[in-house]
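The structure under discussion appears below in the form of C-alpha cells.
The values are calculated or read from the model by the stated rules, or taken from the named source; none is laboratory data. Note that this is a predicted model, so its numbers are computed, not measured. Cβ placement follows ideal geometry from the backbone for every residue including glycine, while neighbour counts extend to all protein chains displayed.
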Amino acid sequence: MLAKGQPRPMPSDAETSHEMSHQGGQPYRILDEDGNTLPGADVPVVPDADCLKLYRGMLQVRLIDDRYIKLQRQGRLGFYMQSTGEEATHFGGAYALKLSDWVFPSYREPGIAFWRGYTVQDFTNQLYGNSADPIKGRQMPVHHSARWINLVSISSPVGTQIPQAVGMAWAAKISKKDDVALVYFGEGATSTGEFHVGMNFAGVGKAPCIFFCRNNGWAISTSQEKQTASAGFAVKALAYGMPGVVVDGNDLLAIIAVMQDAVKRARAGEGPTMIEARTYRRGGHSSSDDPSQYRDPAEVTAWETNDPIERWRRYLVKRGLWTQAIHDQYATEITEEMMTALKTAEALGPPSLDTIFSDVFAQLPPHLVEQQAELLNGPRPKTGHGGH
C-alpha cells in the first residue's frame, strides 16, 4: 500500500494487483491541500502551457455549472447536472489520453469533452436540443455525444457504458491498434451487473480498458456505506485480475500520474486498470434532486476546503505561473463565450423533421422513404407539440 507521497512503482504484470492496490488505505497523493508537492512524490511532467490550460479548463467547467444551473432554475433549461468539486477527475483523465483513444463518459464529466475539442457552443446547443445540436435533439440535456472526438453517447441508466467500453478495447486489441478505452462511472454503478461483466471480460482478455470510478460519496441519495461492504471500490479489481488504484480525486497531478501509468500498461498489452478517485459531489445529483433531504450540510462545507481548482491554483502559484490577471482574463473569456453560446442557442429552432430518419441507414429502405414522405407532407398542428 502506498503512503502519502510515496513514489509510484511501475509494477510488473505479475505484481500489479498487490503493488498498485490500496485496499481501503489512504488515497495516492502528490499535492497537499496547499499545493505543495509531497516529499518523495514521483511528479509527472506537465509543461507550463498545459498547466495553465488545465486551470482554464477546470475554471470553465465551474463557471458554466454555476451559470447553467441558474438557467435551469429560471426555466430556460429543462434539466442540468453539475460537476462542482469533481473537475480534476475530468482533466486528469483527459490529459493522459491521445485523441485517437475512446472515452465512454458518465453524465458528470463535461471537462473531458471540452479538452478534446467540444466547444461551449456544442455543449449549449445540446442542452437546448436545437437545430445545431450535434445529436439533433435525440438525447436529454447533458447526455452528450461527439463522434469526431471519440466521445461515446452518454446513457442515463448507470453502468451501461462499461461493457461497451470493454468491447471497444477488445476490438482495438484484435485489430492490433494501440487505442485505449477510458470509461467513467460513479460508485453506484459498481452495484450493477454491467460493472462485473465488464471487469471480468476485460481482466480475462487483458483488454486495454481503464475503469475510472468517480467515487463522490453518493449515488443520488444512496451513501457509499449502503453501496458496498468492502473498504472501498478499487479493491474489487483484485477479483478480476487487474490492479486497483485509489487516488485523491481532488489532486489533479496525482490523477494525471496514475492515469499515465494505466495508459502505459494498456498500450503495452498488460491489460486493464481500475482507478477509484475519491472526490465529492458538492451539488445535488441533478437539478431534480434536493441533497438536503439526505446528507448533512456540514459534510459539504468540509469538502469545500479541499477544492481541486484552488489546490491546483496554489500549485501554479508556487511554479510562478498563476496571477490574478491571468485568472481574470480566463474568466472574462469564458463568460463571453457562454453568453454568445446562449444567445445563439436560444435563437435557433428545433431540428428539422427529416433528421428523425438520418444517421441510421446509409440509404433509406423503401418503407422509411414512404414514412418520411408521409410525415413531411402530411397535415401538422400550427401550435403545440410538433408545431413549427
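I'm trying to understand the selection: among the residues of the stretch 148-192, which are under 24 Å from residue 229 (Cβ atoms), among the polar types (S, T, N, Q) and assigned to a helix (DSSP H, G or I)? Within the stretch 148-192, 190, 191 meet the criteria. The set of residues in the stretch 22-42 that are more than 23 Å from the chain's Cα centre (by Cα) and either among the β-branched types (Val, Ile, Thr) or part of a strand (DSSP E or B) (or both) contains only 37. Kindly check whether there is at least one residue in the stretch 343-357 that is basic (Lys, Arg), within 30 Å of residue 76 (Cα to Cα) and not in a loop (DSSP other than H, G, I, E, B). Taking every residue of the stretch 343-357 in turn, at least one turns out to be basic (Lys, Arg), within 30 Å of residue 76 (Cα to Cα) and not in a loop (DSSP other than H, G, I, E, B). Residue count for the stretch 59-94, restricted to those that are assigned to a helix (DSSP H, G or I), of a type outside the set (Asp, Glu) and within 12 Å of the chain's Cα centre (by Cα): 8. In the set (1) among the aromatic types (Phe, Trp, Tyr); (2) at pLDDT 95 or above; (3) within 13 Å of the chain's Cα centre (by Cα), the condition left unmet by residue 107 is number (2).
Checked against (1) modelled with pLDDT under 95; (2) over 28 Å from residue 189 (Cβ atoms); (3) surrounded by 15 or more Cβ atoms within 10 Å (Cβ to Cβ), residue 337 passes all but a single condition, namely (1).
With the requirement that a residue be crowded, with 19+ Cβ neighbours inside 10 Å and out of contact with any His (no Cβ under 9 Å at 6 or more places or on another chain), what does the stretch 218-237 give you? Correct list: 227, 233, 237.
With respect to the conditions (1) surrounded by fewer than 16 Cβ atoms within 10 Å (Cβ to Cβ); (2) within 20 Å of the chain's Cα centre (by Cα); (3) at positive phi, residue 176 lacks only one, and its number is (2). Take residue 117 and decide whether it is buried (at least 22 other Cβ atoms within 10 Å of the Cβ) and at pLDDT 95 or above. When the stated conditions are applied, residue 117 does not pass them.
When the residues of the stretch 58-110 are filtered to those that are among the aliphatic types (A, V, I, L, M) and touching a Leu at 6+ places or on another chain (Cβ under 7 Å), the one that is surrounded by the most Cβ atoms within 10 Å (Cβ to Cβ) is 88.
When you check residue 125 against the structure, is it in contact with a Gly (Cβ under 7 Å, 6 or more places away or on another chain) and of a type in the set (S, T, N, Q), yes or no? Considered against the rule, which asks whether it is in contact with a Gly (Cβ under 7 Å, 6 or more places away or on another chain) and of a type in the set (S, T, N, Q), residue 125 comes out as no. Taking the condition at pLDDT 95 or above, out of contact with any helix residue (DSSP H, G or I) (no Cβ under 8 Å at 6 or more places or on another chain) and surrounded by fewer than 22 Cβ atoms within 10 Å (Cβ to Cβ), does residue 126 pass? Considered against the rule, which asks whether it is at pLDDT 95 or above, out of contact with any helix residue (DSSP H, G or I) (no Cβ under 8 Å at 6 or more places or on another chain) and surrounded by fewer than 22 Cβ atoms within 10 Å (Cβ to Cβ), residue 126 comes out as no.
Criterion first (of a type in the set (Val, Ile, Thr), modelled with pLDDT of 95 or more and under 23 Å from residue 139 (Cα atoms)) does residue 64 satisfy it? Against the criterion (of a type in the set (Val, Ile, Thr), modelled with pLDDT of 95 or more and under 23 Å from residue 139 (Cα atoms)), residue 64 qualifies. Working carefully through the options 313, 295, find the one that is surrounded by fewer than 19 Cβ atoms within 10 Å (Cβ to Cβ) and under 23 Å from residue 50 (Cβ atoms). Sole residue among the options that is surrounded by fewer than 19 Cβ atoms within 10 Å (Cβ to Cβ) and under 23 Å from residue 50 (Cβ atoms): 313.
Scanning the stretch 187-226 for residues that are more than 20 Å from residue 259 (Cα to Cα), modelled with pLDDT of 95 or more and among the aliphatic types (A, V, I, L, M) yields 197, 204. Within the stretch 302-317, is there a residue that is free of Cβ contacts under 8 Å to residues at least 40 places away in the same chain, part of a helix (DSSP H, G or I), out of contact with any Ser or Thr (no Cβ under 6 Å at 6 or more places or on another chain) and hydroxyl-bearing (Ser, Thr, Tyr)? For the stretch 302-317, residues free of Cβ contacts under 8 Å to residues at least 40 places away in the same chain, part of a helix (DSSP H, G or I), out of contact with any Ser or Thr (no Cβ under 6 Å at 6 or more places or on another chain) and hydroxyl-bearing (Ser, Thr, Tyr): absent. For the stretch 121-142, a tally of residues being in contact (Cβ under 8 Å) with a residue 24 or more places away in the chain and part of a helix (DSSP H, G or I) returns 7.
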